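Trainee: Please find one structure pasted underneath; my questions will follow.
The values are calculated or read from the model by the stated rules, or taken from the named source; none is laboratory data. Here the structure is a predicted model, which means the values were calculated and not measured. Neighbour counts are summed over all protein chains in view; Cβ atoms, including those assigned to glycine, are modelled from backbone coordinates with ideal geometry. These area figures cover heavy atoms from the full protein model, side chains too; ligands, DNA and RNA do not enter into them. Shrake-Rupley method; radii C 1.70, N 1.55, O 1.52, S 1.80 Å.
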Amino acid sequence: MEQLSLFDIQTDEVPGAGMAPLADRMRPQNLEEYIGQKHLLGEGKILRQMLERDMIASMIFWGPPGVGKTTLARIIASRTKSEFVNFSAVTSGIREIKEIMKQAEERRFCGVRTVVFVDEIHRFNKAQQDAFLPYVEKGSIILIGATTENPSFEINAALLSRCRVFVLKELGTEDLQELLTRVLKDRRGFGGTTVHMEAELLSVMAAFANGDARMALNTLETAVLNGEISPDGSITVTRQLLEQCMGKKTLLYDRKGEEHYNLISALHKSMRNSDPDAAVYWLARMLEAGEDPLFIARRLIRFASEDIGLADSRALQLAVAAYQACHFNGMPECNLNLAQTVIYLSLAPRSNAVYRAYETAKEDALTQLSEPVPLVIRNAPTQLMEELHYGEGYIYAHDTEEKIARMTCLPESLKDRRYYLPTQEGEEGGWKERLERSRELSR
């Protein structure tokens, strides 16, 4: 029998005070309560069918924090009537693994399956992961691992090959609003009292959580527990209180509204105008208001090709590296990674030649969709194609002294068309000289 602690005892003064955290109390007990992951659990979807047929196998849940990886594992165990063992990769070693495997073997002989859920499985080293392998192979356990990292890189190939990988997506704002609304009605949450709160504030909390249900619930819990208690026992949560709970000025920033697009436009155009001071300011405005750093990083990647291109080929590399840094570090640690990239892009030489080249080529491609590929650059894998002159006259560029073959690769109607018109900016001046020489030689 489980012994109650001080934290399991609810007080009458403030609903939820003294109890387990709201995120634990509201953990879904079945698929009907589970929110999100419709691509896996919707009617007719593969994971749903596996559960309904009780044909589950070892699997890996890969997704960001707070999307319900642990909850889904518990629901699976309850639906399949299996013994559920929660295992932490942070605190457990090989000795604990062997002990749990021994118990699982004993249950298997009694006809009881064991679902072993390993949170943060990517933290296990190779030896620890290998310790699971024989038991997964012979069916002593059904292993369900959860990871926020790419399992292809973090989990041994032998173990990964015996597991089905399911990608869990971050929850949408609508999903989180539905969850928060349910909390205010459910007696496991705050359904036992009256909470006065503008409906818009639930939307703000959902956006602030950035797809993380745990963060959304923690924010709501903090706001309600610190709300103003009226004589009738009701609780009022104001905009000012919620702003204090979040610790950020997020209430004026809607990541789907006009301000969202105004600020990203300000960042882009400040960088384009080589103004690092303004660019860093607009970057800080977005990050401190709760903008997704990965969204900003994606825009920087676009900027590197659209506004810099081959004038500085390192710009794209740095922008992609910034995206990876945001993925690995998250906020607030990735703020400096983004600031470094924004300043670099602001000061790099400018060229929109790559952008103009593609836009011009796109226009021709859309209006001349039926232009045939020149015979000289077609493959001829069959005798018939050779007889039709496919590849006839093709010159292997590496066989020439200049490494440039004298032949036309554009359709006949476009043979003199020029899309890439390099500038003299930065490194692009060198590319321009090489291109002019190449075009001269290929005539």
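Trainee: For the range 391-423: of the residues being under 18 Å from Pro372 (Cα atoms) and among the small types (Gly, Ala, Ser), which is surrounded by the most Cβ atoms within 10 Å (Cβ to Cβ)?
Mentor: Gly391
Trainee: I'd like the residue in the range 309-336 that is among the hydrophobic types (A, V, I, L, M, F, W, C), modelled with pLDDT under 95 and open to solvent by less than 80 Å² (accessible area, probe 1.4 Å) and, out of all such residues, is nearest to Glu359 (Cα to Cα).
Mentor: We begin by selecting, within the range 309-336, every residue among the hydrophobic types (A, V, I, L, M, F, W, C); these are 310-311, 315-316, 318-322, 325-326, 328, 331, 334, 336.
Then keep just the ones that are modelled with pLDDT under 95; that gives 310-311, 325-326, 328, 331, 334.
Now restrict to residues that are open to solvent by less than 80 Å² (accessible area, probe 1.4 Å): 310-311, 325-326, 331, 334.
Details: Leu310: 16, Ala311: 18, Ala325: 31, Cys326: 30, Met331: 35, Cys334: 33 Å.
Per the criteria, the residue is Leu310.
Trainee: Looking at this structure, is Phe61 aromatic (Phe, Trp, Tyr) and more than 23 Å from Leu217 (Cα to Cα)?
Mentor: No; evaluated as a whole, the condition is false for this residue.
Trainee: So which residues in the range 192-229 are among the hydroxyl-bearing types (Ser, Thr, Tyr) and either surrounded by 22 or more Cβ atoms within 10 Å (Cβ to Cβ) or touching a residue at least 24 places away in the same chain (Cβ under 8 Å) (or both)?
Mentor: Start the filter on the range 192-229 by keeping residues that are among the hydroxyl-bearing types (Ser, Thr, Tyr), which leaves 193-194, 203, 219, 222.
Once the filter is applied, which keeps residues that are among the hydroxyl-bearing types (Ser, Thr, Tyr) and either surrounded by 22 or more Cβ atoms within 10 Å (Cβ to Cβ) or touching a residue at least 24 places away in the same chain (Cβ under 8 Å) (or both), the range 192-229 yields Thr193, Thr194, Ser203, Thr219.
Trainee: Hey, among Phe166, Phe132, which residue is open to solvent by less than 20 Å² (accessible area, probe 1.4 Å), closer than 28 Å to Val115 by Cα and part of a strand (DSSP E or B)?
Mentor: Details: Phe132 fails: part of a strand (DSSP E or B).
One residue alone meets the criteria, Phe166.
Trainee: Given (1) open to solvent by 20 Å² or more (accessible area, probe 1.4 Å); (2) farther than 15 Å from Ile97 by Cβ, identify the lone condition not met by Pro151.
Mentor: Result: Pro151 passes all but (1).
Trainee: Does at least one position in the range 75-88 carry a residue that is more than 26 Å from Leu41 (Cβ to Cβ), open to solvent by 80 Å² or more (accessible area, probe 1.4 Å) and not hydrophobic (A, V, I, L, M, F, W, C)? Can you show your working first?
Mentor: We begin by selecting, within the range 75-88, every residue more than 26 Å from Leu41 (Cβ to Cβ); these are none.
So far as the range 75-88 goes, no, none of its residues is more than 26 Å from Leu41 (Cβ to Cβ), open to solvent by 80 Å² or more (accessible area, probe 1.4 Å) and not hydrophobic (A, V, I, L, M, F, W, C).
Trainee: If the Cβ limit is 8 Å and pairs must be 6+ apart or interchain, which residue in the range 346-373 that is over 19 Å from His268 (Cα atoms) pairs with which residue that is assigned to a loop (DSSP other than H, G, I, E, B) and of a type in the set (Lys, Arg)?
Mentor: Correct list of pairs: Asp364/Arg417.
Trainee: Of Gly257, Gly211, which residue is on the phi > 0 side of the Ramachandran plot and at pLDDT below 85? Write out each step before concluding.
Mentor: On the way: Gly257 fails: on the phi > 0 side of the Ramachandran plot.
From the options Gly257, Gly211, the qualifying one is Gly211.
Trainee: What's the number of the only condition in (1) within 44 Å of the chain's Cα centre (by Cα); (2) modelled with pLDDT of 85 or more that Leu384 fails to meet?
Mentor: It is condition (1) that Leu384 fails.
Trainee: Separate question: So for the range 65-73 (the condition being more than 20 Å from the chain's Cα centre (by Cα) and either open to solvent by less than 70 Å² (accessible area, probe 1.4 Å) or modelled with pLDDT of 85 or more (or both)), does at least one residue qualify? Spell out how you get there, then give the answer.
Mentor: Narrowing the range 65-73 to residues more than 20 Å from the chain's Cα centre (by Cα): 73.
If we keep only those that are either open to solvent by less than 70 Å² (accessible area, probe 1.4 Å) or modelled with pLDDT of 85 or more (or both) too, we end up with 73.
So far as the range 65-73 goes, yes, one or more of its residues are more than 20 Å from the chain's Cα centre (by Cα) and either open to solvent by less than 70 Å² (accessible area, probe 1.4 Å) or modelled with pLDDT of 85 or more (or both).
Trainee: Look at Gly189 and say whether it is touching an Asp or Glu at 6+ places or on another chain (Cβ under 8 Å), open to solvent by less than 30 Å² (accessible area, probe 1.4 Å), assigned to a loop (DSSP other than H, G, I, E, B) and not aliphatic (A, V, I, L, M).
Mentor: On the way: touching an Asp or Glu at 6+ places or on another chain (Cβ under 8 Å): no; open to solvent by less than 30 Å² (accessible area, probe 1.4 Å): yes; assigned to a loop (DSSP other than H, G, I, E, B): yes; not aliphatic (A, V, I, L, M): yes.
For Gly189, the condition - touching an Asp or Glu at 6+ places or on another chain (Cβ under 8 Å), open to solvent by less than 30 Å² (accessible area, probe 1.4 Å), assigned to a loop (DSSP other than H, G, I, E, B) and not aliphatic (A, V, I, L, M) - is not met.
Trainee: Checking Gly145 against (1) under 25 Å from the mean Cα position of the chain (by Cα); (2) at pLDDT below 90; (3) of a type outside the set (A, V, I, L, M, F, W, C): exactly one of these is not met. Which one?
Mentor: That leaves (2) as the condition not met.
Trainee: Here are some residues: Leu388, Leu369. Which one is of a type outside the set (Ser, Thr, Tyr) and surrounded by 11 or more Cβ atoms within 10 Å (Cβ to Cβ)? Talk me through it step by step, then tell me what you get.
Mentor: Working: Leu369 fails: surrounded by 11 or more Cβ atoms within 10 Å (Cβ to Cβ).
From the options Leu388, Leu369, the qualifying one is Leu388.
Trainee: Looking at the range 358-376 only, could you name the residues that are assigned to a helix (DSSP H, G or I) and more than 31 Å from the chain's Cα centre (by Cα)? Full working, then the answer.
Mentor: From the range 358-376, those assigned to a helix (DSSP H, G or I) are 358-367, 375-376; that's our starting set.
Thr360, Ala361, Glu363, Asp364, Ala365, Leu366, Thr367, Leu375, Val376 - these are the residues of the range 358-376 that are assigned to a helix (DSSP H, G or I) and more than 31 Å from the chain's Cα centre (by Cα).
Trainee: Exactly one of (1) surrounded by fewer than 16 Cβ atoms within 10 Å (Cβ to Cβ); (2) among the hydrophobic types (A, V, I, L, M, F, W, C); (3) part of a strand (DSSP E or B) is unmet by Val116. Its number?
Mentor: Failing condition for Val116: (1).
Trainee: Does any residue of the range 25-42 turn out to be more than 18 Å from Glu174 (Cβ to Cβ), open to solvent by 10 Å² or more (accessible area, probe 1.4 Å), touching a helix residue (DSSP H, G or I) at 6+ places or on another chain (Cβ under 8 Å) and of a type in the set (A, V, I, L, M, F, W, C)? So that I can check it myself, show each step before the final result.
Mentor: Filtering the range 25-42 for residues more than 18 Å from Glu174 (Cβ to Cβ) gives 25, 27, 29-31.
With the extra rule that they be open to solvent by 10 Å² or more (accessible area, probe 1.4 Å), the set shrinks to 25, 27, 29-31.
From what is left, the residues that are touching a helix residue (DSSP H, G or I) at 6+ places or on another chain (Cβ under 8 Å) are 27, 29-31.
Retained after the next criterion (residues that are of a type in the set (A, V, I, L, M, F, W, C)): 31.
Checking the range 25-42: at least one residue is more than 18 Å from Glu174 (Cβ to Cβ), open to solvent by 10 Å² or more (accessible area, probe 1.4 Å), touching a helix residue (DSSP H, G or I) at 6+ places or on another chain (Cβ under 8 Å) and of a type in the set (A, V, I, L, M, F, W, C).
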